[in-house]
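The block underneath contains the structure these notes are about, expressed in structure tokens.
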Amino acid sequence: MAILITGIGELTTNDPASGELADAAVVLDGAHIAWVGPAARAPDADERVDVAGRAALPGWVDSHTHLVFAGDRTAEFEARMAGKPYQAGGIAVTVEATRAATDDELAANLRRHAAEALRQGTTCLETKTGYGLTVADELRSARIAREVADEVTFLGAHLDTGPGYLDLVCGRMLDAVAPEVRWADVFCEEGAFDGAESERVLRAARARGLGLRVHGNQLGPGPGVRLAVRLGAASVDHCTHLTDADVDALAGSDTVATLLPACDLSTRQPLAPARRLLDAGATVALATNANPGSSYTTSMAFCVATAVLQMGMSVAEAVWAATAGGAKALRREDVGVIRPGARADVQVLDAPSVTHLAYRPGVPLTWAVWRRGQRT
Ligand code: NIG
């Protein structure tokens with residue numbers, strides 16, 4: 001069934017062939033976009049939705065979340081707001097709760113958060129394992145994630161649980177989980193895995209055919225960014241503490257710098273240096289890092305507003321980073337863009353322009369969302 005979305009006052013396509021269009025229309029045919037252009041020239045369709053001058057754009061692509069979890073860390077958050085520093089050790093609290101949960105409980109929690117994200121315009125969602133940290137718990141986390149998320153990442157190397165754990169991750173755990181996922185990630189940070197350990201994890205993952213992602217330079221400077229670039233990772237995420245050499249390395253590479261502003265705020269870190277990265281020519285994505293510890297939000301709009309209000313990104317840069325940038329970080333060409341053949345993932349704002357995402361921060365502006373051509 002073809003759906004004509006017409007009366008779009010401002011259409012952000014992310015397609016260089018169309019650019020930004022005024023008084024535009026989009027036709028969705030099944031799960032894909034069939035036509036994009038001026039409303040006056042739109043073809044007929046089975047259903048017509050007039051959005052009365054509102055702005056439309058691709059659905060958000062949230063390329064970094066940790067949503068296979070159980071439990072709650074409100075007390076840790078309260079302590080942090082009272083001045084206690086964020087430490088990666090809090091991950092262990094969620095690991096314990098996750099191991100104790102049933103498959104059904106984990107799946108229900110993931111579905112609840114994915115639905116919450118979708119209501120706010122997120123139509124493509126990546127999520128990770130990493131709160132299981134045994135072969136059986138990582139495997140079930142990956143299987144549960146596959147049922148819900150568009151992209152799944154193995155993060156067995158989230159926390160070192162003791163002697164022999166790295167061998168386990170690089171051996172039996174990867175053997176078990178690799179067939180279920182597309183990506184592998186490692187938390188390369190003091191208190192988690194150092195550069196050499198992280199490289200070992202990434203090489204073992206690559207040997208099993210997985211694409212690479214890295215958590216790097218989150219809590220302090222470190223080797224994560226340059227390791228990610230050297231190994232050709234699709235993305236290095238956080239990038240909060242960057243040296244000039246890190247920025248130069250990213251600028252000269254295909255590795256996307258995925259910035260997680262909600263996490264920087266929630267952990268009382270400085271905000272990632274978006275402007276330095278963009279001015280140097282690096283590719284920047286924005287994502288929520290939704291997880292119960294360091295960043296408990298599914299709001300991409302919040303990330304976009306923060307990027308504009310606090311990180312020196314223009315509205316156009318932030319919207320691109322949260323849509324096409326996320327798609328690049330996931331090496332996908334079918335999402336984050338409105339052009340014929342792309343996935344029919346479109347959001348309409350209750351606003352005349354995407355500028356309102358930053359101009360009216362905190363206001364729920366999502367008016368309509370189509371994912372794979374289905375209105376949600
Ligand atoms: O991306 N940095 C490591 N992992 C998560 C935090 C997870 C947690 O605190 O539970 C992150 O911030």
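The values are calculated or read from the model by the stated rules, or taken from the named source; none is laboratory data. All values derive from a computational prediction rather than experimental measurement. Virtual Cβ from ideal backbone geometry, glycine too; neighbours counted across all protein chains shown.
Odds and ends about this structure:
- Any hit, the stretch 87-106, residues being under 21 Å from E190 (Cβ atoms), part of a loop (DSSP other than H, G, I, E, B) and more than 10 Å from the ligand (Cβ to nearest atom): no
- E190 passes every criterion in (1) within 16 Å of the ligand (Cβ to nearest atom); (2) crowded, with 24+ Cβ neighbours inside 10 Å apart from (2).
- Flag for R112 being closer than 29 Å to G326 by Cα, surrounded by 14 or more Cβ atoms within 10 Å (Cβ to Cβ) and either outside the structural domain of R371 (by TED's automatic domain parsing) or free of Cβ contacts under 8 Å to residues at least 40 places away in the same chain (or both): no
- The stretch 58-86, subset among the β-branched types (V, I, T) and within 12 Å of the ligand (Cβ to nearest atom), residue farthest from E317 (Cα to Cα): V68
- Between A305, A316, A368, the distinction of being among the small types (G, A, S), more than 16 Å from the chain's Cα centre (by Cα) and not in a strand (DSSP E or B) belongs to A316 only.
Here's the yes/no breakdown for (1) farther than 27 Å from V236 by Cβ; (2) among the aliphatic types (A, V, I, L, M):
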{"position": "D279", "(1), (2)": "no, no"}
{"position": "A290", "(1), (2)": "no, yes"}
{"position": "S294", "(1), (2)": "no, no"}
{"position": "M311", "(1), (2)": "no, yes"}
{"position": "S314", "(1), (2)": "no, no"}
{"position": "V319", "(1), (2)": "no, yes"}
{"position": "G341", "(1), (2)": "yes, no"}
{"position": "R371", "(1), (2)": "yes, no"}
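- Condition met for R140 (within 17 Å of V95 (Cα to Cα) and of a type in the set (D, E, K, R)): yes
- Of all residues making up the stretch 169-185, the number that are more than 20 Å from V236 (Cβ to Cβ), free of Cβ contacts under 8 Å to residues at least 40 places away in the same chain and either surrounded by fewer than 18 Cβ atoms within 10 Å (Cβ to Cβ) or of a type outside the set (A, V, I, L, M, F, W, C) (or both): 4
- Verdict on V308 being closer than 29 Å to A228 by Cα, in contact with a helix residue (DSSP H, G or I) (Cβ under 6 Å, 6 or more places away or on another chain), touching a residue at least 60 places away in the same chain (Cβ under 8 Å) and away from the ligand (no atom under 16 Å from the Cβ): no
- Checking each residue in the stretch 160-177 for being part of a helix (DSSP H, G or I) and not small (G, A, S) picks out Y165, L166, D167, L168, V169, C170, R172, M173, L174, D175, V177.
- Just one residue in the set G211, G224, G216 is under 18 Å from V256 (Cα atoms), surrounded by fewer than 24 Cβ atoms within 10 Å (Cβ to Cβ) and within 21 Å of the chain's Cα centre (by Cα); that residue is G211.
- Meets criteria (surrounded by fewer than 24 Cβ atoms within 10 Å (Cβ to Cβ) and either in contact (Cβ under 8 Å) with a residue 60 or more places away in the chain or within 16 Å of the ligand (Cβ to nearest atom) (or both)) for R143: no
- Among all residues of the stretch 276-285, there is none that is over 21 Å from R230 (Cα atoms) and in contact (Cβ under 8 Å) with a residue 40 or more places away in the chain.
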